[in-house]
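The values are calculated or read from the model by the stated rules, or taken from the named source; none is laboratory data. This structure is a prediction, so every number in the text was calculated from the model and none was measured. Note that we place each Cβ from the backbone using ideal geometry, even for glycine, and neighbour counts take in every protein chain shown. Heavy atoms of the whole protein, side chains included, go into the accessibility calculation; ligands, DNA and RNA do not. Shrake-Rupley method; radii C 1.70, N 1.55, O 1.52, S 1.80 Å.
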Amino acid sequence: MGQTLYRTLHPEVFQGRGRTRRYFEGWYFKHVSRGSGGIWSVIPGLAYDSEGEGHAFIQLIDGSTGSTEYFTFPVEAFAASERELEISIGPNLFTKRGVRLDLSDGSRRVQAELRYQDQVRYPGTLTAPGVMGWYSWAPFMECYHGIVSLDHRVEGYITANGRRHELSEGDGYIEKDWGRSFPSAWIWLQTNSFREPGTCLSFSIARIPWLTGRFTGFLCVFLHRGKVLTFATWNGARITGQNYRGDELTIDIRSREYRLAFFVHRNASGELMAPVEGKMERRISESIDAVIDVTLLDRLGIELFRGVGTAGGAEVVGDVRELLAGIPET
C-alpha cells in the first residue's frame, strides 16, 4: 500500500512527511479524572511558517484553573511514526497506549505517566476513512481533522509544579488536526464525561475554503452503548436550529433517522496558540470544563438518550454570527 494511501486511511499517524513550509500538525490528548485528579489536556505538535522556520511544541491545559503552558522544542526533537500513533518530542512520548511527560522550563516542571485501555476508535471506511468522510481524500483542504479515540480509560498521574494529581478511573479522548491554518471561524465542542460511561459527543462547525469560495461545514459524532452515530455535511445531516448567547449555545441537528440536540454552557477558559499559515501565532480561548446537556431522539420523536456531559471542551472563535447565519434560531 502506498504511503499516501496508508496515511489517508490512518489519520492518527503523522501526515507531514516532507512538509517544511506553511504546515502544522497537532494531536489533542484529553484526560478527565472521575476522582479529584482534575481535567488535563495535552497537545503535542509541529509547526513550520512560510519561511520554513519551524519548532515542535507541547501545550498543556489545566481545566481546573484554566491555566495553560506552551513548551517549545527544536524541530530535531520531534519524531513520529508513519505506521501508528507514536510521537516523541524530546523525552516526552505520546502513543495509543498512553503518554509520558517530562517537561521543564525554568520554574515550570510537569511530569506524567498515563496509561490507556479500551479505546473506541472512529469506524473509518475506504470511502470515508475518517470523520471528514470523503473530504479526507481532497488534496487541497486548509485544515484536516481526525478523531483517534472517542473514549478510553485512563490510569496514572500528572505532577505539575510539585503537586501530584491522580487520574485513576479517568476518561480519555484523542483527536488531531493538520494542514496550513485553522479556519477563520469555528465552534468546537467535546465531552465524554457522562454518568453512563462509554458516551461521547464531539462537534465542530467551521467556515471552510473550497475551490473559489467558502462554505460552512460541520461534523458531529455521538457514541452511546457501543454505537457511533455521525451527523455531518458530507452525509446529508443538517443543523436545523441554533441559539448563541455569549457563554451559552444551543444546536439542533437532524439526519434521516435521528435528531440530536445539545445545550452548552462554557465556564473558565484558558488561552491556547493556534496556527495561521503554519505559524503558531493566533491566540484562542478554550474551556475544558463546559457543561453539555445532550438529547437524542429517533425519527418518531422517541427519546433514546438524555444526559449531561461535564468536563467539556468548548471553543468559540471568530465571527460566530456569520458562521451561524442562515440557520434558524431556536
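Brief remarks follow.
- Ranking Arg238, Arg108 from most to least accessible surface, computed with a 1.4 Å probe over the protein chains only, gives Arg238, Arg108.
- Heavy-atom accessible surface of the range 157-229: percent carbon and sulfur, 1.4 Å: 50 percent
- Three-way shape label, the range 208-264, alpha-carbon gyration tensor, a/c 1.5: oblate
- For the range 193-275, the solvent-accessible area with a 1.4 angstrom probe is 45 square angstrom per residue.
- Projecting the Cα atoms of Gly313, Gly301, Ala325 onto the charge dipole of the range 230-330, computed from C-beta unit charges around the Cα centre, puts Gly301 farthest toward the positive end.
- Net dipole in debye of the range 1-100 [+1 Lys, Arg Cβ; -1 Asp, Glu Cβ; about Cα centre; nearest 20]: 380 debye
- Remark: the range 42-145 carries 46 Å² of accessible area per residue (probe radius 1.4 Å; ligands, DNA and RNA excluded).
- Shape of the range 1-119, Cα gyration tensor, a/c cut at 1.5: oblate
- Taking a straight Cα-Cα cut-off under 16 Å and skipping sequence neighbours fewer than 8 places away in the same chain, the lysines within cross-link reach of Lys176 are Lys30, Lys96.
- Backbone phi angles across the range 211-216, fed through the Karplus curve with coefficients 6.51, -1.76 and 1.60 (θ = phi - 60°), yield HN-Hα couplings of 6, 9, x, 9, 9, 9 Hz in residue order; Gly and Pro are listed as x.
- Heavy atoms of Met280: accessible area, 1.4 Å probe, square angstrom to 10: 30 Å²
- 5 angstrom amide H check on Trp210, placed H, neighbours 5+ away: Phe215
- Cα gyration tensor shape of the range 187-330, rounded if a/c is under 1.5, else prolate or oblate by comparing a/b with b/c: oblate
- Nearest-10 value in Å² for the accessible area of Leu60, using the 1.4 Å probe: 10 Å²
- Sorting Phe14, Phe263, Phe94 by solvent-accessible area of protein heavy atoms yields Phe263, Phe14, Phe94, largest first, with a 1.4 Å probe.
- Euclidean distance of C-alpha centroids, the range 245-261 and the range 7-23, integer Å: 32 Å
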